[in-house]
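**Q** Quick one: the structure is below, and I'll ask about it shortly.
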Amino acid sequence: MLPQVLDGRTALQAEQALLRVAGVSRAFGGVHALDNVTLEVHEGELLGIIGPNGAGKSTLFKVVSGFLRPDRGQVWFAGRPVAHLPAYRRATTGIAFCFQDVRLFPTMTALENVMVGCHPRTQHGFVDAVLRLPRHHREERWTRERAQRLLTRVGLATHAQRPAGFLPFGVQRTLAIARALATGPRLLLLDEPAAGLTAAERARLADLLADIRRDGVTVVLIEHDVALVMVLADRVAVLENGRLIAVGPPEQVQADPRVIAAYLGDESLAEA
Ligand SMILES: Nc1ncnc2c1ncn2[C@@H]1O[C@H](COP(=O)(O)OP(=O)(O)OP(=O)(O)O)[C@@H](O)[C@H]1O
Ligand SMILES: [Mg+2]
């Protein structure tokens with residue numbers, strides 16, 4: 001009977017958190033990229049994830065978004081186990097993600113890239129599109145307008161008709177966020193969105209994240225810019241060698257001896 005009781009308890013906890021990663025491990029050959037990681041993300045919060053290079057941060061996102069299967073453990077989203085669902089099915093459940101390497105369609109315009117993100121929200125199928133049925137036209141117009149509004153919201157309206165591949169790097173990163181928002185997510189996973197941005201772009205990103213949160217979207221932010229994380233996050237989780245070594249409010253995590261030891265010699269924590 002004991003396993004059932006334990007399962008029941010896990011399910012109950014999963015209901016309380018929007019996202020729950022439970023005992024997740026993932027190895028690549030001899031490298032334990034994730035080692036028994038358990039972590040909850042509450043609805044409406046911004047959780048920051050920090051950790052040295054190779055700590056397993058991106059691997060965690062890939063497991064949550066469905067691009068990698070864990071060797072062990074389970075992922076719960078909105079009270080349901082999702083580890084068996086492929087990435088495209090998770091997007092329709094409300095998980096959106098921006099990868100560390102920005103993956104846009106370079107020859108498509110900025111607007112079209114965001115329109116692609118709108119797709120999980122539309123109803124029409126292949127037949128509607130081929131036969132150019134009225135529903136297809138209506139949804140095409142709706143998608144275009146929605147994408148245009150999102151571009152305006154993230155400050156990229158003037159770039160709408162430019163091919164994504166020609167846009168400056170910082171703009172491409174913001175465009176990737178707009179595309180993720182187009183899916184209408186409950187949970188947004190951002191992997192180092194501030195990397196390579198200028199100071200002005202970073203400030204705009206901070207404003208955008210605050211705006212996204214006001215809309216009630218839960219955000220998990222992987223970031224090497226520890227100062228930015230400490231300012232924006234409600235809680236911070238720290239990974240080191242695939243293990244979660246600390247999680248809590250920023251001031252508590254910053255003072256944690258294990259975190260300080262993990263960052264020893266790394267100026268970024270001292271500067272935060
Ligand atoms: N597809 C893969 N094949 C082999 N090893 C991998 C793969 N993906 C990740 N790893 C290894 O797993 C470990 C964790 O990698 P991961 O990319 O998750 O780290 P990270 O915390 O995101 O690092 P960074 O801050 O540099 O982005 C590293 O040792 C990495 O080399
Ligand atoms: Mg990474």
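The values are calculated or read from the model by the stated rules, or taken from the named source; none is laboratory data. Because the structure is predicted, anything quoted here is derived from the model rather than measured. Cβ atoms come from the backbone with ideal geometry, glycine included; neighbour counts cover every protein chain shown.
**Q** If we scan region 95-108, do we find a residue that is within 16 Å of ligand 2 (Cβ to nearest atom), within 15 Å of the chain's Cα centre (by Cα), among the charged types (D, E, K, R) and outside any helix (DSSP H, G or I)?
**A** yes
**Q** Between a residue in region 31-54 that is under 24 Å from R214 (Cβ atoms) and among the small types (G, A, S) and any residue that is at pLDDT below 95 and within 16 Å of ligand 2 (Cβ to nearest atom), which pairs come within a Cβ distance under 6 Å, given they are 6 or more apart or on different chains?
**A** Cβ pairs passing all conditions: G48/V229.
**Q** What's the number of the condition R72 fails, among (1) under 15 Å from the mean Cα position of the chain (by Cα); (2) modelled with pLDDT of 95 or more?
**A** (1)
**Q** Within region 199-215, is even one residue part of a strand (DSSP E or B) and out of contact with any Phe, Trp or Tyr (no Cβ under 6 Å at 6 or more places or on another chain)?
**A** Within region 199-215, none of the residues are part of a strand (DSSP E or B) and out of contact with any Phe, Trp or Tyr (no Cβ under 6 Å at 6 or more places or on another chain).
**Q** Could you tell me whether region 216-232 includes any residue that is touching a Cys at 6+ places or on another chain (Cβ under 7 Å), surrounded by 19 or more Cβ atoms within 10 Å (Cβ to Cβ) and among the acidic types (D, E)?
**A** No.
**Q** Looking for whichever is within 16 Å of ligand 1 (Cβ to nearest atom), out of contact with any strand residue (DSSP E or B) (no Cβ under 6 Å at 6 or more places or on another chain) and either at pLDDT below 95 or among the β-branched types (V, I, T) (or both) here; the options are A200, A182, A194. Which one fits?
**A** A194 is the lone residue from the list that is within 16 Å of ligand 1 (Cβ to nearest atom), out of contact with any strand residue (DSSP E or B) (no Cβ under 6 Å at 6 or more places or on another chain) and either at pLDDT below 95 or among the β-branched types (V, I, T) (or both).
**Q** Go through (1) of a type in the set (A, V, I, L, M, F, W, C); (2) within 16 Å of ligand 2 (Cβ to nearest atom); (3) not in a strand (DSSP E or B) for L190 and report which single condition fails.
**A** (3)
**Q** Does any residue of region 25-47 turn out to be modelled with pLDDT of 95 or more, touching a helix residue (DSSP H, G or I) at 6+ places or on another chain (Cβ under 7 Å), within 15 Å of E223 (Cβ to Cβ) and of a type outside the set (D, E)?
**A** There is at least one residue in region 25-47 that is modelled with pLDDT of 95 or more, touching a helix residue (DSSP H, G or I) at 6+ places or on another chain (Cβ under 7 Å), within 15 Å of E223 (Cβ to Cβ) and of a type outside the set (D, E).
**Q** Identify all residues within region 149-158 that are part of a helix (DSSP H, G or I) and closer than 13 Å to R179 by Cβ; write none if there are none.
**A** L150, L151, R153
**Q** List, please: which pairs have Cβ atoms under 7 Å, are six or more places apart or on different chains, and start with a residue in region 220-249 that is without any contact (Cβ under 8 Å) to a residue 40 or more places away in the chain and end with one that is in a loop (DSSP other than H, G, I, E, B)?
**A** Note: pairs meeting the criteria are L228/A194; A246/D256.
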